[in-house]
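The values are calculated or read from the model by the stated rules, or taken from the named source; none is laboratory data. None of the values given here were measured: they were computed from a predicted structure. Cβ placement follows ideal geometry from the backbone for every residue including glycine, while neighbour counts extend to all protein chains displayed.
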Amino acid sequence: MKKQLRLSGSGGQGVITAAILLAEAAVAEGKEAAQSQSYGPEARGGASKAEVIISDETIYHPHVETPDLVLAMTQKAADKYYSDLHKDGLLILDDSLVPETPDFPRVVRLPITKLAVEELGKSLFANIVALGALVRITGLVQLDTVKEFVKKRVPPHTVDANMKALQLGWDVAANVQ
Amino acid sequence: MSKARLMQGNEACAEAAIAAGVNFFAGYPITPSTEIAETMAKLLPQAGGKFIQMEDEIASMGAILGASLAGCKVMDATSGPGFSLKQELIGYAACAEIPCVLVDVQRVGPSTGQPTAPSQGDVMQVRWGTHGDHPVIALSPWSVRETFDATVMAVNYAERFRTPVMLLMDEMVGHLREKVELPEKVEIYPRRKPTKTRAEGYQPFAPEADLVPNVADFGEGYHIHVTGLIHDETGFPVGSPKVTEESIRRLHEKIERAGEEIIHTESYFMDDAEYAVVSFGGTARTAYEAVREARAAGVKVGLVRLMTIWPFADKVIGELAAKVKGIVTAELNYGQIVHEVRRAANGACPVSLCGKYNMRAFEPSEILASVNEMVKEVEG
């Protein structure tokens, strides 16, 4: 098993944090994981990306070559990062922020940022909502493992809201095939 | 849950330095090395050490050299642009034999170049950046786990040889997070101490049997004079041709005589290999993947990875060139270590460069293409 995931958006949306949390959970469950990201001008305002490879075997080349899944949380990121998706791969779009759907066979639109704003009052939680959805869709790690690492990483007074964000993401991904 | 955890290369460097006994860090943060300073700032005071953010790069070097002379184990971390600014005092440390570790997490140059974009373009600068004849030890890890080991090794070599040791990292490994299980204990080379009293005729720069002097730390009860001028065993400058020649020779020989012991290389898929890729650092991971793909297509190719960059692995490459039909050197630059590979191969087989310098790390397919090209050239 080797899965290549790319989480993309713009600087400040927390895609790197979501990628780190996925990788941390995978390692805690005994898998190999490699997480990297693009920095520099493209990460500030433009399209930025964080990548995670999760595998049963040692990972050598540390960057994603052909993603199995791309999450895009802005239109710019969607346009820029879906093109090298595996032909059977899945493109997940934040319904609130990506108005135009790229031409790709398997696309899922989820109301990620909308849920964060309407249920938790802040778009800040969108990355954790997205993470909850990714955990369910990929089945790579257990939701409980991810919860532990989210608790460790976020400020104590936001733990409850973050747990709720994870659950919102998990629930909204219920029907994704 | 196991002890395995996700860790970044730069974090592993900082944690290893503390495990190896580094108790003084001075630096001027620069991407892609910043997390080393950040982690040191957080962890070093908790471990009883001192972290200082200095006003610039040369001052950081000055601070660590002063602290080293006062008995601390020291490290400084930077990237190419900062490394350029430290060169004067790197030479001073080599001449005055002050133990120190310099981390260079390379990015695209020259000058301020491309902040944070991966590169391996400082191979020759770590060797020859400072002027004059001087020896250098440089290590280049390829994984987060090996970054830990190489950092410990760098601290120990600095102390053992009383010389600057360079940890030549790259963005691919420095910013990579992956699974590590760290050792609970590491072997530490202690600070060398005077074996004679002043009454017994102690001379601070008199070499021991391994050609390294046991220079007393400041505050240890000895009179010490430290200078970047060529000096005799007393530590005071002398204008003598004989002392100059002996000093420069001894600086080199103290490291040359350690020889193969400090030259670390690894071979993969080499048993029946007819061709070889030579690489190092983060690029070697991609080379590994390329070699695996070539093998799957029936090409008998292996990988030789240099962990020690300097001193150069002359013997390993010389023997490799005598064995294989061609060598591809994969490095993320316009061509630097390839010149050393050619020199060591000494015409025994063709040596080609697979280089790249466009802000992007290699893809396996690019190195694979260079291997296929070499095979085509040789087999016709």
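Looking across segment B:117-149, the residues that are among the polar types (S, T, N, Q) and within 14 Å of chain A (Cβ to nearest Cβ) come down to B:Ser119, B:Ser143, B:Thr147. For segment A:117-152, how many residues meet the condition of being among the polar types (S, T, N, Q) and not in a helix (DSSP H, G or I)? Matching residues across segment A:117-152 total 1. Which residue pairs have Cβ atoms under 7 Å apart, sit 6 or more places apart or on different chains, and have a first residue in segment B:365-380 that is surrounded by 12 or more Cβ atoms within 10 Å (Cβ to Cβ) and a second that is part of a helix (DSSP H, G or I)? Partner pairs satisfying both residue conditions: B:Ile367/B:Thr286; B:Ile367/B:Ala287; B:Ile367/B:Ala290; B:Leu368/B:Ala290; B:Leu368/B:Glu293; B:Leu368/B:Ala294; B:Val371/B:Ala290; B:Val371/B:Ala294. Out of B:Gln87, B:Gln114, one residue alone is within 14 Å of another protein chain (Cβ to nearest Cβ) and surrounded by fewer than 21 Cβ atoms within 10 Å (Cβ to Cβ). It is B:Gln114.
Among residues belonging to segment B:288-297 that are out of contact with any Pro (no Cβ under 8 Å at 6 or more places or on another chain), more than 8 Å from chain A (Cβ to nearest Cβ) and assigned to a helix (DSSP H, G or I), point out the one that is surrounded by the fewest Cβ atoms within 10 Å (Cβ to Cβ). That would be B:Ala296.
Within segment A:90-132, restricting attention to residues that are touching a Phe, Trp or Tyr at 6+ places or on another chain (Cβ under 8 Å) and closer than 15 Å to A:Asp68 by Cβ, the residue that is surrounded by the most Cβ atoms within 10 Å (Cβ to Cβ) is A:Leu91.
Here B:Lys179 meets the list (1) touching a strand residue (DSSP E or B) at 6+ places or on another chain (Cβ under 7 Å); (2) more than 14 Å from chain A (Cβ to nearest Cβ) almost entirely, failing just condition (2). Counting only residues that are farther than 28 Å from B:Thr151 by Cβ and at pLDDT below 95, segment B:201-221 holds 2 of them.
Can you tell me which residues in segment A:131-160 are in contact with a helix residue (DSSP H, G or I) (Cβ under 8 Å, 6 or more places away or on another chain) and without any contact (Cβ under 8 Å) to a residue 60 or more places away in the chain? Within segment A:131-160, A:Gly132, A:Ala133, A:Arg136, A:Leu143, A:Lys147, A:Lys151, A:Val154, A:Val159 meet the criteria. Checking each residue in segment B:321-380 for being assigned to a strand (DSSP E or B) and among the hydroxyl-bearing types (Ser, Thr, Tyr) picks out B:Thr329, B:Ser352. Screening B:Gly109 against (1) over 13 Å from the mean Cα position of the chain (by Cα); (2) touching a residue at least 40 places away in the same chain (Cβ under 8 Å) leaves a single unmet condition, (2). Total residues in segment B:32-51 satisfying the condition of being of a type outside the set (Val, Ile, Thr), farther than 16 Å from B:Ala19 by Cα and surrounded by fewer than 20 Cβ atoms within 10 Å (Cβ to Cβ): the figure is 1. Considering segment A:1-102, the qualifying strands (runs of 3 or more DSSP E), each wholly inside and each with 1 or more residues that are more than 14 Å from chain B (Cβ to nearest Cβ) and among the basic types (Lys, Arg), run over A:2-10. Every listed requirement among (1) modelled with pLDDT under 95; (2) over 30 Å from A:Ser36 (Cβ atoms) is met by B:Glu184 save one, (2). Residue selection: B:Asp104 satisfies the criterion of being under 15 Å from the mean Cα position of the chain (by Cα), modelled with pLDDT of 95 or more, under 18 Å from B:Val155 (Cα atoms) and crowded, with 23+ Cβ neighbours inside 10 Å.
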